[in-house]
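Down below is the structure, laid out as structure tokens.
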Amino acid sequence: MRTVLVLAAFLAAAAALPTEIPEPGQLALVLGEEDFEDYLDAWLELEQSKSANASNANVDARSGCTIRINGDLGQPQPVYLRGGNRYMAADGNSGQVRLNTGEQVVIACTGSGRTILHPNIAASRDVATATCVSGNLVSGSGWLNGNGAFGQLTCSAHAFHDAQATTTRCWNNNIVIRVGFIVNNVFYPLYWSCFDQNRLEVIYVWYDQTPENAVHQTGVDRPSWLAGSFFPGVAVNTMYTQVNQKAVVTQYVGATLADKYITSHQFMARGHLAAKSDYVFATGQRATFYFINAAPQWQPFNAGNWNWLEQNLRARIGAAGYNTVIYTGTFGISQLRDQNNRLVDIYLVPERNQIPVPLYYYKVVYDAGRRLGTAFVSINNPYYTESEVRALTFCTDRCRNNSAFSWLNWQPDRIDIGYSFCCTVDDFRRTVPHLPAFTTNGILA
């Protein structure tokens, strides 16, 4: 009840005094998983509205169509393809899609029985082509009556996203799963997951991150998490409940210690690897809610240094104009001390040693055009001592006391919200063996 009241108070403050709303990381030890996500969405909406107001003031009048990521898109949202073969994207980090007069966008409501809706609809379609007229108006030969607002193009239900196992193999002969949308029998991927089917462990996911991702659509409803066909015999969502966590940790360390480890503030959330807010449109954001894109993550770490890294890194890529691939992954197994003061590995499915609680989370960011990259690493355990986390720091930290990383707002010495450090990619590889091969000539900052 206290969490709900705190959330309500802060959201009220956000509406009244938007410039004074605290950064989400400041509430890492206050809000639970769902409450934090609600607060983060509200905070990001305020932050992006400030940036949008500043950028809109500098937009020159132009021919063609301008569609704002926030303000000109309807729900439930179709999948948008531009040029016939790629997802529609914003113009740089402007938060606006700019189309030339006559340019076409494929509108697709993917999934069985879903159709395109519009006040001017003339013929039922699940896939159609919209043509830019001007402003935010488009035409649709044979399926729209006259011109209509782009944002009024919606679907009869949320577009369906797919997670498919591929024949490609990743580290240690594990499977690669692709997540995306099927339009006209063509699969358009959003991200890929390297997944260990035996341990039910997400080793890493990877996806592109460019300036176009700097501004994302806010106010998108979070869907339920999906297991797909990749967690046979395991009710994976149930594994993440605090009741189950308490029972699992009790098996490892006993009830007395379990009550100290799993509390109303410290518990394990479903930690996104490819972040919801790393995707611009509602369709992409909703597609991140697969368990092959998640691992157990202590909630204050999820809301603290990990969230700061996600938000700061996306903004930095947008401002600097980097074109990167991000590998977000896990390594090692987090441990807790038992009644005999021994460190024991923790799994959410202890009977089978499945769904390990990772020791490390990382983001390796690589710009192939510049051959520059950096590994950002955090320790996923609030109960280690200072000497223990220092001993677990496996590289020379490149972020601390380095003005090149002044854009990164995390608090790397805070063990309770994720003790953190940065490595060169070569240093990182000496400890973490599973990163795909590529060459770097320096740090990306």
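We did not get these values from a lab; they are worked out from the coordinates using the rules stated. What you are looking at is a predicted structure, and each value in this text was computed from that prediction instead of being measured. Cβ atoms come from the backbone with ideal geometry, glycine included; neighbour counts cover every protein chain shown.
Tabulated data
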{"read-out": "Taking V202, V220, V389 and counting other C-beta atoms within 10 Å, the order from fewest to most", "value": "V389, V220, V202"}
{"read-out": "Sum of -39500 (n - 2.57) over DSSP H runs of 4+, divided by residues of the chain (222 nm, nearest 500)", "value": "-7000 deg cm²/dmol"}
{"read-out": "The stretch 305-415, Cα convex hull volume normalised per residue, Å³", "value": "122"}
{"read-out": "Cut-off under 5 Å, modelled amide H: who pairs with S334 long-range", "value": "I346, V357, L359"}
{"read-out": "Value of relative contact order over the stretch 94-215, rounded to a whole percent, pairs C-alpha under 8 Å and six or more apart", "value": "19"}
{"read-out": "Share of alpha-carbon pairs per 10 Å distance bin for the stretch 149-212, given as whole %", "value": "18, 38, 29, 11, 3"}
{"read-out": "Span-like helix ranges in the chain, DSSP H, alpha carbon extent 15 angstrom or more, Kyte mean at least 1.6", "value": "2-16"}
{"read-out": "Candidate values [x] 14; [y] 10; [z] 23, label of the one derived for percent of Cα pairs over 43 Å apart", "value": "[x]"}
{"read-out": "Top of T393, T288, T328 by mean-square fluctuation, Gaussian network on the chain, Cα under 10 Å", "value": "T393"}
{"read-out": "Under-5 Å amide H pairs with Q209, H placed in peptide plane, nonlocal only", "value": "T324, V325, I326"}
{"read-out": "Proxy reagent accessibility, fewest Cβ within 10 Å first, across S112, S334", "value": "S112, S334"}
{"read-out": "The stretch 152-278 - percent relative contact order, Cα under 8 Å, separation 6 or more", "value": "15"}
{"read-out": "In order through the stretch 89-97: 3J(HN,Hα) via Karplus (6.51 cos²θ - 1.76 cosθ + 1.60), integer Hz, x for Gly, Pro", "value": "9, 6, 7, x, 9, 6, x, 9, 8"}
{"read-out": "Length-normalised contact order for the chain - Cα pairs under 8 Å, 6+ apart - percent", "value": "13"}
{"read-out": "Reach of K276 by Cα under 12 Å, taken over aspartates and glutamates that are not fewer than 8 positions away in the same chain", "value": "E37, D41, D221, E310"}
{"read-out": "Backbone HN-Hα couplings from phi across the stretch 233-238 [Karplus 6.51/-1.76/1.60, Hz, Gly and Pro as x]", "value": "x, 10, 7, 4, 5, 5"}
{"read-out": "Selected from L336, L31, V133, residue furthest toward positive end of dipole (the chain; charges at beta carbon)", "value": "V133"}
{"read-out": "Descending Cα extents along the principal axes, the stretch 88-179, whole Å", "value": "55, 35, 17"}
{"read-out": "For T115, T167, T131, T238, order by how many other beta-carbon atoms lie within 10 Å, fewest first", "value": "T167, T238, T115, T131"}
{"read-out": "Compactness index (Cα Rg / 2.2 N^0.38 Å), the stretch 63-140", "value": "1.07"}
{"read-out": "Surface/4 estimate of mean projected area, convex hull on alpha-carbon atoms of the stretch 252-351, nm²", "value": "8.2"}
{"read-out": "Computed Kirkwood radius, in angstrom, where 1/r is averaged over Cα pairs of the stretch 196-269", "value": "15.8"}
{"read-out": "Per-residue ³J(HN,Hα) for the stretch 372-386, Karplus 6.51 cos²θ - 1.76 cosθ + 1.60, θ = phi - 60°, Hz, x for Gly and Pro", "value": "10, x, 9, 10, 9, 10, 9, 9, 8, 6, x, 10, 6, 8, 4"}
